[in-house]
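Notes for the one structure printed next.
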Amino acid sequence: MQKIYYPEDKLPLSRLIPMGMQHVVAMFGATVLAPILMGFNPQTAIFFSGIGTLLFIAITRAKVPSYLGSSFAFIGPVLAVTGGMAGKIPYALCGIAGAAVLYGLAAAVTLKYGSKWVDRLMPPIVTGSVVALIGLNLSSSAVANFFNTDFRLTNSAEAVRLFVAVTTFTVAASVSIYIKGFLRLLPILTGVVAGYALSLALGIIDTSHLSAIKDAAWLGLPPFIAPAFSLEALLVIAPVFVVLVAENKGHIQAISGYMKRDLNPHLGRAYMGDAVATFVSAMGGGTPQTTYAENMGVMAITRVFSVYNFVAAACMALLLGLCPKFGAVVQSIPAPVLGGVTVILYGLIAMMGIKIWLDAKVDFCSHKNLIIAGSSIIISTGLGAKGFTVGMINIAGIAFGTVLAVFVNLALSFGKEDKEADGQDCDVCKIS
């Protein structure tokens, strides 16, 4: 059985650097995409993701292994405030800071009174659903990169891209399953390197990306922006902290299950670390922060939960924020290569949600549990990246599904108990 490395376990520098780089590769695509969609500067977002991760590790006393990256839950509310205009970003930053303050209050309550209130608000049926719907909601992005946005193979160029994606996937999966020794701990990085090398050989890397690498400076500060007060932005954006509370709870539960160590006693500090990271990011023009499911996938496949990996990854992110050339290299990774590894990572995230249910022995003979899980996952997956739009406000599928799971659970918790939950036979339980 593959050895488990726990949060306190140290790794030699020769192993720490490539493993940190693997986590950077895992988080990079989403951490860059979110600010682009919101109109923020990606270099600034990367820089603050490194700062935020270091703050998170310090506040959690190095007990919770996680990487903090850009949250997609804020995209719709932020765009509702800015309208896509860069001049209004300072107002959006005010709303993000407000969400961080509310998140910090939730953290303070958890630190003082424990996590029981969170457990009642978000039992395993909810947290498992939230984690599963994150992976499933992202599935269309992974498959689109693996094939193409039309899911059609019509010419030789698309066949070459599919070949690169399949090769990347095969290398990553094979390293994880068949290779022994240290290399087995680097399946995602190995797959990306193999896919990138093949892409270079086949000439499918965009020449503009290669020119950007050549022209990028070695050193440069990211552009910083200060927030400006806006009551409207606070009312629109601040409530999104509820999504971060649910996401973080689900992530903690998923990591606990894979690591076989209960991290719930550290939930309050995890909330506080995430809240402080988001607030600091908002003060400098960065995106809101959240614990990243992509990096959870890396931990699940490598069984390495050492926080030192994330210290290394955070330091590399800081270098990315200060070294545009390094960032240009990572940004040049072709879509088929990302598709090859994200199919694995997002699949693992979805399976983490199911594992939360299994570990908690969630009763799926209960109609209540079936409705909570089924409705939130189906609606979130159906919305996909397009999300749900009301007037001028767009709500991301992940955010909508998360809030739906929480509120459906609350709504169905009133009234008489579901009899099937008391152990009586039901049709679902008879299915085998």
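The values are calculated or read from the model by the stated rules, or taken from the named source; none is laboratory data. Here the structure is a predicted model, which is why all the values come from computation and not from measurement. No Cβ is skipped: glycine too gets one built from the backbone with ideal geometry, and neighbour counts run over all protein chains shown.
Pairing residues of segment 161-190 that are in contact (Cβ under 8 Å) with a residue 12 or more places away in the chain and closer than 17 Å to G20 by Cα with residues that are crowded, with 21+ Cβ neighbours inside 10 Å and basic (K, R), at Cβ distances under 9 Å and at least 6 apart in sequence or on separate chains, gives no pairs at all.
Residues that are outside any helix (DSSP H, G or I) and not hydroxyl-bearing (S, T, Y) were ranked within segment 271-318; the one that is surrounded by the fewest Cβ atoms within 10 Å (Cβ to Cβ) is R303. For segment 120-156, taking the residues that are without any contact (Cβ under 8 Å) to a residue 12 or more places away in the chain and not in a loop (DSSP other than H, G, I, E, B), the one that is surrounded by the most Cβ atoms within 10 Å (Cβ to Cβ) is identified as R120. Tell me, yes or no, whether segment 15-33 has at least one residue that is touching a strand residue (DSSP E or B) at 6+ places or on another chain (Cβ under 8 Å), at negative phi and among the aromatic types (F, W, Y). Scanning segment 15-33 turns up no residue that is touching a strand residue (DSSP E or B) at 6+ places or on another chain (Cβ under 8 Å), at negative phi and among the aromatic types (F, W, Y). Evaluating P227 against the criteria (1) of a type outside the set (A, V, I, L, M, F, W, C); (2) modelled with pLDDT under 85; (3) not in a helix (DSSP H, G or I) leaves one unmet condition, (2). So is I255 among the aliphatic types (A, V, I, L, M), within 19 Å of P336 (Cβ to Cβ) and in contact with a Lys or Arg (Cβ under 9 Å, 6 or more places away or on another chain) or not? No.
Only one of the numbered conditions (1) of a type outside the set (S, T, Y); (2) more than 26 Å from A62 (Cβ to Cβ); (3) at pLDDT below 85; (4) not in a loop (DSSP other than H, G, I, E, B) is violated by L189, and that is (2). Put simply, of V126, V118 the only residue that is in contact with a Lys or Arg (Cβ under 7 Å, 6 or more places away or on another chain) and of a type outside the set (S, T, N, Q) is V118. In a residue-by-residue description of segment 366-385, the property of being crowded, with 17+ Cβ neighbours inside 10 Å, of a type outside the set (S, T, N, Q) and farther than 30 Å from I237 by Cβ applies to at least one position.
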